[in-house]
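Colleague: For reference, the structure I am asking about is given below.
The values are calculated or read from the model by the stated rules, or taken from the named source; none is laboratory data. Keep in mind it's a predicted model, so treat the numbers as computed, not measured. Positions of Cβ are generated from backbone atoms using ideal geometry, with glycine treated the same way; all protein chains shown enter the neighbour counts.
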Amino acid sequence: MGIGGRGFHVFSENKFVDVFQDNTSVSMPSINATQTWSADASIHSSFSSNRTVWLIGYLRSPINATYKFQLETNVNSILYLSTDENPNNKVQIASSRSTLSKDISLISNKKYE
């Protein structure tokens with residue numbers, strides 16, 4: 001297994017999800033969502049405003065370090081990162097209301113989903 005890396009499944013669906021309406025549960029894409037794969041750190045979308053896009057993937061830091069994450073978006077968005085490789089341990093680290101995360105320490109070659 002190599003050190004460092006990232007990858008995202010990009011799902012898009014013709015439905016609108018208001019992420020700030022009910023943030024107690026995270027809406028997931030349905031079986032009808034369009035899916036692609038991206039190894040890029042940024043995604044540029046030209047989807048219409050009635051589409052919802054999910055980026056679901058992993059991050060593996062190449063070194064032990066403290067990072068800041070920034071979310072740049074023109075629509076309501078929330079960025080989550082798990083505390084380990086289990087996606088059920090995700091925590092909100094940024095949103096369109098607060099675009100820059102706090103300092104987050106990541107361990108080399110540990111997978112975060």
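Colleague: Check whether at least one residue in the stretch 65-74 is more than 19 Å from residue 38 (Cβ to Cβ), of a type in the set (S, T, N, Q), in contact with a strand residue (DSSP E or B) (Cβ under 8 Å, 6 or more places away or on another chain) and outside any strand (DSSP E or B), and report yes or no.
Modeller: No: the stretch 65-74 contains no residue that is more than 19 Å from residue 38 (Cβ to Cβ), of a type in the set (S, T, N, Q), in contact with a strand residue (DSSP E or B) (Cβ under 8 Å, 6 or more places away or on another chain) and outside any strand (DSSP E or B).
Colleague: Output the number of the condition that residue 101 fails; it satisfies all remaining conditions of (1) buried (at least 16 other Cβ atoms within 10 Å of the Cβ); (2) modelled with pLDDT of 85 or more; (3) within 23 Å of residue 37 (Cβ to Cβ).
Modeller: For residue 101, the failing item is (3).
Colleague: Go through (1) surrounded by 14 or more Cβ atoms within 10 Å (Cβ to Cβ); (2) modelled with pLDDT under 85 one by one and return the number of the condition residue 48 breaks.
Modeller: Here residue 48 clears every test but (1).
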